[in-house]
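For reference, the structure is listed below as structure tokens.
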Amino acid sequence: MFKNLLKVIIIAPFLVATTCEDDLEADKLVYNVYKANVSTDYSYSINDTIWVRGKISSNLFNASINDSIFMEIPQSDHFSIYKFIEPTNVSNCQDAIDSFELVRTNGQLTFSNYCENGTIIAFPELENNREFYSYRIGLKPKFNGDYVISWRNGMLQNSNRNEFIIENYPIENFPNQIGFNSCGDVSWRYLNESDKEYYFKVE
């Protein structure tokens, strides 16, 4: 037993060192963020399909070698869909993935365990040129209303995001903010500090 204990004492520092080295390696990887685009109309009908596209470089930067390396397993992209509601004291939109039929043409998708009706998790496919990973998801509206798509980290490339739509839904206690109600939990984002939202109508 003493011999086994001695082995553990001798080996333990090496195991810790290996773990620390792995952590340091991970800290030296710099990931890109998704660039996202949405169909450019501000108004759609029930028969239309709104296309959401995301793209990310297949390379990431490895600071330990000061060079880019191929990303074998891409990160997922996260975005949410909400429908605007009559503002309460704290929110003005409600999770609304179920207001759309989802059409997947490129990549895979799943939903957040925390709020399935609030967040889509998109997993991209490697493009033929191997320079990018991308996904393409269609949203076919089931109901009329005003909606917003919001990204967690992605950079929305649409120059016109139809911000005028949210002017009809001011929150008394949170001026100049959008209040996202995701399965009963509310979070906020300042409108003048965010370029991650795309607004549109279904009529």
Order of exposure, largest accessible area first, which applies to Trp188, Trp51 with probe 1.4 Å: Trp188, Trp51
Expected output is a single nm value to one decimal: the length gained when fully extending between Phe143 and Asn66, i.e. 0.36 nm times separation in residues minus the C-alpha distance. What is it? 22.7 nm
Once Lys and Arg get +1 and Asp and Glu get -1 on their Cβ, which of Tyr198, Ser64, Ser150 lies farthest toward the positive end of the dipole of the chain? Ser64
Lys28: which aspartates and glutamates have alpha carbons under 14 Å from its alpha carbon, excluding same-chain residues fewer than 8 sequence positions away? Asp67
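What does the charge dipole of the chain about its Cα centre add up to, to the nearest 20 debye, if the Cβ of each Lys and Arg holds +1 and the Cβ of each Asp and Glu holds -1? Walk me through the numbers before you get to the answer.
On the way: 17 positive and 27 negative charges, 90 e Å.
In total the dipole reaches around 440 debye.
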For Rg and Dmax of the Cα atoms in Å, with candidates [x] 21.7, 72; [y] 21.9, 77; [z] 20.3, 67, the value calculated from the shown model is option [y]
Among Val90, Tyr135, Trp51 the positive-end extreme of the charge dipole of the chain (Cβ point charges): Tyr135
Against the longest alpha carbon principal axis of the chain, how many degrees, from 0 to 90 and to the nearest 10, is the axis of helix 2-27 turned? 40
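Which percent of the accessible heavy-atom area of the range 58-203 goes to carbon and sulfur, probe 1.4 angstrom?
Numbers: 3360 of 7550 Å².
Solvent-exposed carbon and sulfur of the range 58-203 make up 45 percent of the total.
Which whole-number percentage describes the relative contact order of the chain, with Cα contacts under 8 Å and a sequence gap of 6 or more? Working shown, then result.
On the way: 430 pairs, mean separation 52.6, N = 203.
Relative contact order of the chain: 26 percent.
Excluding Val202 itself, what net charge comes from residues whose Cβ is under 12 Å from its Cβ, given Lys and Arg +1 and Asp and Glu -1? Spell out each step's value before the answer.
Details: positive: Lys83, Lys140, Lys142, Lys201; negative: Asp41, Asp48, Asp146, Glu203.
Value of the local net charge: 0.
The values are calculated or read from the model by the stated rules, or taken from the named source; none is laboratory data. Keep in mind the model is a prediction, meaning the values are calculated, not measured. Cβ: placed from backbone, ideal geometry, glycine included. Neighbour counts: every protein chain shown. What goes into the accessible areas is simple: the full protein's heavy atoms, side chains included, and nothing from ligands, DNA or RNA. Shrake-Rupley method; radii C 1.70, N 1.55, O 1.52, S 1.80 Å.
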